[in-house]
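Worksheet: the structure to be examined is printed underneath.
The values are calculated or read from the model by the stated rules, or taken from the named source; none is laboratory data. Predicted model, so just to flag it, every value in this text is computed and none were measured. Cβ placement follows ideal geometry from the backbone for every residue including glycine, while neighbour counts extend to all protein chains displayed. Heads up: the accessible areas ignore ligands, DNA and RNA and are worked out on the full protein's heavy atoms, side chains in. Shrake-Rupley method; radii C 1.70, N 1.55, O 1.52, S 1.80 Å.
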Amino acid sequence: MAFMNNGAGPTCVLELLGVAGAGKTTVLRALMGRLAGVLDGTRTARRRYWCRTLCSTLRHRCGLRRGDPRDLPRTWRAAKNLAYLDAFRRVVTDFPTPTCQAIVFDHGPLYRLGRLRPENGRPVVSSDSVSCWNAALRYWSARLDMVVLLSAPDTALIERVLARPNHHRIKDMAPAAAGRFV
């Protein structure tokens, strides 16, 4: 597989989607190891724009919080996801070099847009931020060239997540509950 590049920036911007343990990071590492010019968009956003992302998160949080203290976790998560969307956009616009042929996102823009969906009938973003969400959706709908959805059998997903050193919600669940969660 090769990505054609006309020198005007990456010709392929793609996102790997899937539940925990589906193999997103494994596929990304394989692409980066086998193909020249593949950039890990999520890691680049975290490393290069961490300060801007934090400031943007705080700015969004202040703009989202509207009185009710019970909204704080909800709006903090929304602010963080909106800030990541901004950082991802910067990655795509800041790497228009001939050597960068593809940008691959693992837990990228579609994942972050999905994290802003309503919970228990309550929107995660305030009405003030719906326009930000709509603008991000329009941008990424036009900018993503490919979305790869990865999956695996539930037993394999659970085994992979349990074998990881980092915490995940299903590590605290009974096997039947973990299966329903996956």
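Mind grabbing the accessible area of SER141 for me, 1.4 Å probe, Å², rounded to tens?
Only protein atoms counted, so the area is about 80 Å².
Taking the highest mean first, how do the peptides 85-94, 153-162, 25-34, 103-112 order by number of other beta carbon atoms within 10 angstrom per residue?
Going from most to least packed, we get 103-112, 85-94, 153-162, 25-34.
To the nearest 10 Å², what's LYS171's accessible area with a 1.4 Å probe?
Approximately 60 Å² of LYS171 is accessible to the 1.4 Å probe.
Which ³J(HN,Hα) values, rounded to whole Hz and listed in residue order, are derived for the stretch 99-115 from phi using the Karplus coefficients 6.51, -1.76 and 1.60 in 6.51 cos²θ - 1.76 cosθ + 1.60 with θ = phi - 60°, glycine and proline given as x?
Result, ordered by residue: 7, 8, 8, 8, 10, 10, 10, 10, 6, x, x, 5, 4, 5, 4, x, 5 Hz.
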